[in-house]
1. Do you know which residues across segment 14-43 are touching a residue at least 40 places away in the same chain (Cβ under 8 Å), closer than 13 Å to SER63 by Cα and part of a strand (DSSP E or B)?
2. Out of (1) acidic (Asp, Glu); (2) touching a helix residue (DSSP H, G or I) at 6+ places or on another chain (Cβ under 8 Å); (3) modelled with pLDDT under 95, what's the single condition that is false for ASP79?
3. Identify, please: which residue in segment 117-152 is part of a helix (DSSP H, G or I) and either in contact with an Asp or Glu (Cβ under 6 Å, 6 or more places away or on another chain) or over 28 Å from PRO188 (Cα atoms) (or both) and is, among those, modelled with the lowest pLDDT?
4. Please go through segment 127-146 and pick out each residue that is aromatic (Phe, Trp, Tyr) and either touching a Pro at 6+ places or on another chain (Cβ under 6 Å) or surrounded by fewer than 16 Cβ atoms within 10 Å (Cβ to Cβ) (or both).
5. I want to confirm something. Restricting to segment 1-57 and keeping residues that are of a type in the set (D, E, K, R) and farther than 20 Å from ALA199 by Cβ, which single residue is surrounded by the fewest Cβ atoms within 10 Å (Cβ to Cβ)?
6. Identify, from the list ALA211, ALA195, the residue that is out of contact with any Pro (no Cβ under 9 Å at 6 or more places or on another chain) and among the aliphatic types (A, V, I, L, M).
7. Can you spot a residue in segment 65-74 that is within 18 Å of ALA176 (Cα to Cα), modelled with pLDDT under 95, touching a Cys at 6+ places or on another chain (Cβ under 8 Å) and assigned to a loop (DSSP other than H, G, I, E, B)?
Amino acid sequence: MDELENVRLADEGRVRTIWMHRPQRLNAFDGGLVNDLADALAAAEADPEVSVVVLTGSGRAFSTGADLKALAEPRPAQDGPAPGDRSGFDRLLDLLADFPKPLLMAVNGYAVGFGMTMLAFADVVFMSTEAQLRCPFTELGAPTEAGSSYLFRKLLGRQQAAWTLLSSEWITGHQALAMGLAWQLCDPDDVLPVAQDHARRLAAHPVAALAQVKRLLNAHERAELAAAFDREREALAVFVSSFAAPT
């Protein structure tokens, strides 16, 4: 695939590592990163030489979610869709939800907002002992996003999901391990190598078998996740419209 501005790629054997690469903005998502990550996942899905994908971040963050500075910047119409373009974000969500190959995530630092929500789409999460996570939606006055109202309840349980989404409080890597959001904690320098090692172990198996097992694991939840996407889009539309309402 063509080189992408906001992601970096490396292949080793049948394992592809994807780095979200906006380190100067802590890998926060603007329209460019949304589209480039979606393109990278689509290419990995289509590539018969790729069996397993590892997703991580460049620098000291996995991702700090939406780039609020980019969202606030006006863009000329000829520059294309704004950074918050929902069609691009919806495509990325669908690729994460339907990704047919094992998807491992190596959380190397901060994971905030969508950066934290993304972890619920992973098959296995490896996390630095120094990672810090937060869903700041209520602090921002915003609703949940990206299916987190469904995914976190399924993954963490009702009360843990409720506190995580309602409180906007920080979560440590050790807390994430205890609550089931991470599978393994690693020293900061080891988190990516450990994730890649496990990816190679998976990639030793036939990709068709890996995809079949993943499909069977996830088949029961796709309709519920789609319904959660719809509910959250409706809530977001109400939230956004409140800024345009007359005072």
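1. MET20, PHE29 - these are the residues of segment 14-43 that are touching a residue at least 40 places away in the same chain (Cβ under 8 Å), closer than 13 Å to SER63 by Cα and part of a strand (DSSP E or B).
2. Every condition holds for ASP79 apart from (2).
3. Step one: of segment 117-152, the residues part of a helix (DSSP H, G or I) are 117-121, 148-152.
Subset that is either in contact with an Asp or Glu (Cβ under 6 Å, 6 or more places away or on another chain) or over 28 Å from PRO188 (Cα atoms) (or both): 149-150.
On the way: SER149: 76, TYR150: 80.
So the residue we want is SER149.
4. Step one: list which residues in segment 127-146 are aromatic (Phe, Trp, Tyr), which gives 137.
The answer is none; no residue qualifies.
5. First, pick out the residues of segment 1-57 that are of a type in the set (D, E, K, R): 2-3, 5, 8, 11-12, 14, 16, 22, 25, 30, 36, 39, 45, 47, 49.
From the residues that got through so far, the ones that are farther than 20 Å from ALA199 by Cβ too are 2-3, 5, 22, 25, 30, 36, 39.
Numbers: ASP2: 5, GLU3: 8, GLU5: 11, ARG22: 24, ARG25: 17, ASP30: 20, ASP36: 20, ASP39: 18.
Checking each candidate, the answer is ASP2.
6. Details: ALA211 fails: out of contact with any Pro (no Cβ under 9 Å at 6 or more places or on another chain).
So the residue among ALA211, ALA195 that is out of contact with any Pro (no Cβ under 9 Å at 6 or more places or on another chain) and among the aliphatic types (A, V, I, L, M) is ALA195.
7. Within segment 65-74, the first condition is being within 18 Å of ALA176 (Cα to Cα), and the residues that meet it are 65.
With modelled with pLDDT under 95 added as a condition, the list becomes 65.
Checking the rest, the ones that are also touching a Cys at 6+ places or on another chain (Cβ under 8 Å) come to none.
No, there is no match, as no residue in segment 65-74 is within 18 Å of ALA176 (Cα to Cα), modelled with pLDDT under 95, touching a Cys at 6+ places or on another chain (Cβ under 8 Å) and assigned to a loop (DSSP other than H, G, I, E, B).
To keep it simple, each residue is scored yes or no on (1) in contact with a strand residue (DSSP E or B) (Cβ under 9 Å, 6 or more places away or on another chain); (2) over 16 Å from LEU119 (Cβ atoms); (3) hydroxyl-bearing (Ser, Thr, Tyr); (4) exposed (fewer than 14 other Cβ atoms within 10 Å of the Cβ).
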| position | (1), (2), (3), (4) |
| --- | --- |
| LEU185 | yes, no, no, no |
| ALA195 | yes, no, no, no |
| LEU202 | yes, yes, no, no |
| PRO206 | no, yes, no, yes |
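The values are calculated or read from the model by the stated rules, or taken from the named source; none is laboratory data. Every value quoted in this text rests on a predicted model; they were computed, and no experiment measured them. Heads up, the Cβs are rebuilt from the backbone with ideal geometry, glycines too, and the neighbour counts pull from every protein chain shown.
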